[in-house]
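What follows is a single structure, written as structure tokens, with notes after it.
The values are calculated or read from the model by the stated rules, or taken from the named source; none is laboratory data. These numbers come from a predicted model, not from an experiment. Because the Cβ atoms are built from the backbone with ideal geometry, glycine has one as well, and the counts that use them run over all protein chains shown. Heavy atoms of the whole protein, side chains included, go into the accessibility calculation; ligands, DNA and RNA do not. Shrake-Rupley method; radii C 1.70, N 1.55, O 1.52, S 1.80 Å.
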Amino acid sequence: MFKKVLVANRGEIAVRIMRTCKALGIHTIGVYSEADADAPHVKMADQAHLIGSPRVAESYLNIDKILEVARLSKAEAIHPGYGLLSENAEFARRCEEEGLIFIGPSPEVISKMGSKIESRKAMEEAGVPVVPGITYPLTDAEEAVEAADRIGYPVMLKASAGGGGIGMQLVQNGDEIRKAFAGNQKRATDFFGDGAMYVEKYVENPRHIEIQVLADGFGNTVFLWERECSIQRRHQKVVEEAPSTFITELTRQKMGDAAVKAAKSIGYKNAGTIEFLVDEQQNFYFLEMNTRLQVEHPVTEEITGLDLVKEQLQIAAGEALSFSQEEVKRDGHAIEVRIYAEDPKTFFPSPGKITNLELPEGPGVRHELAIHGNSSVTPFYDPMIAKLVVKGSNRDEAIDRLQRALANYQIEGIKTNIPMLQEVISHQAFRSGDTTTNFVSKYLKPLKKAKNIKK
Ligand code: MV4
């Protein structure tokens, strides 16, 4: 195992990674921007280095600076967390060149999965179901119309480099494509520096169900069941759970097998996630592969009893997986909600100073956070400030525990989305498992004031 690991991230995920490093006796090197001098990840690191000004481009995305810290501190490996440099193939390549181990897959795999068109093509070749559509970049609107006429409407016009719904549009006919094409292509070019577009069949009322995989360097690949993350708001996940209430045992096995096939076909190594869209008939289609540890990894940890960061470190250090597919447990039900510093009325980020923080404790309640009773939430970074993860022996128990925990989550000084989370998880539709991607638009009423009840 490594003796020294640099954690190239901030916030709850940097703290989460360092926690496992400490448990394994690994010395941790942290990095921080001027805005984070007092942040929990800095305090937790055995050694922390200032790498630049608050803006991410000058600190947490500054590859040269981070590599310099790694060299000077003699780190053997770098954990990138999620976001930031985690899916940056150039960073993974630079690590390799410096003789550092990037805790993740190879730069080639990151790069291939970063392109929707290339990843669709790879999955098609591997025999993993993809949404009916095209796997080459379109040159203009007329080519898109021809393709869509073949596929059948409605279709989704998508950017190959897309993410967060940017450059993506639902279109009903050829004229709508002609209207939409140039604008989406421009947005994709502006945001991602890549205007490549493609079209695929629109899947109605889909669920977003993703499969966690682990692959070591010896050809062993396993899946760790699914996470259902269908409840999103503006392409931002709000609630994630495992297992899914929707898929049958047969679908679960088929999706797991497809995910393993997908990972093996591209020579995947380390932890990864295959996202699928699942339609009302339980047909599933590859959507994209995330080549990093995900925000919602704790729900998988809760039902399998595994520590995914530990698995990542062991794989990166050249160890073989210590269990087989048959030995992967599935016990109980876990739900995660993401707590954002945002105004519940406007959904705008709500940075500021936290004046009081009291966290609910109890059986099956887990917190992942990097804030305390007098932390400041800065406007420079993602407004997600904490995750609340609950586990129950079944889904009803998990929801009950989540409701109780949210009602007793005391956070003062900043506004949060807790009222919205309470509304979602208290809704009858959530209790009954009607958790499609339309949940927020279908069920959420205009929001009221927080209803935090002190127990
Ligand atoms: C789709 C789709 C329906 N059909 N593709 C949204 C973000 C991007 N990652 C993919 N997205 C979608 N792609 C086809 N062919 C519906 C969505 C979608 C969605 C997917 C998962 C979770 C929430 C969503 C909300 C709106 C649209």
The stretch 207-443: relative contact order as a whole-number percent, Cα under 8 Å and 6+ apart
21 percent
Would you mind counting up the charge near residue 167? Only other residues with Cβ under 13 Å from its Cβ, with Lys and Arg at +1 and Asp and Glu at -1.
+2
Give me the one-decimal Kirkwood hydrodynamic radius in Å for the chain, with the sum taken over alpha-carbon pairs.
22.8 Å
Please compute the net charge surrounding residue 130, taking Lys and Arg as +1 and Asp and Glu as -1 over other residues with Cβ under 14 Å from its Cβ.
-1
Pairwise label distance in nanometres, residue 396 with residue 166, each label 7 Å out on the Cα-Cβ vector:
4.5 nm
Between the stretch 8-28 and the stretch 150-195, what's the alpha-carbon centroid distance in Å?
39 Å
For the stretch 132-201, with all protein chains present and a 1.4 Å probe, just round the carbon and sulfur fraction of the accessible area to a whole percent.
53 percent
The stretch 67-106 and the stretch 219-260 have their Cα centres apart by a whole-number Å value of 28 Å
In nanometres, the difference between 0.36 nm per residue of separation and the alpha-carbon distance of residue 307 and residue 71 is 82.2 nm
Below 14 Å, Cα to Cα, which aspartates and glutamates can residue 22 reach? Residues fewer than 8 away in the same chain don't count.
46, 307
Above-threshold pairs, the threshold being 23 Å between Cα atoms, out of 4/387; 112/329; 186/261; 345/387; 4/353
4/387; 112/329; 186/261; 4/353
State, to one decimal in nm, how far the label point of residue 403 lies from the label point of residue 126, with both points 7 Å from Cα in the Cβ direction.
4.1 nm
The local net charge around residue 19, scoring Lys/Arg +1 and Asp/Glu -1 for residues other than residue 19 whose Cβ lies under 14 Å from its Cβ, equals +1
Fraction of beta bridges assigned by DSSP in the chain that are antiparallel (%, nearest 5):
80 percent
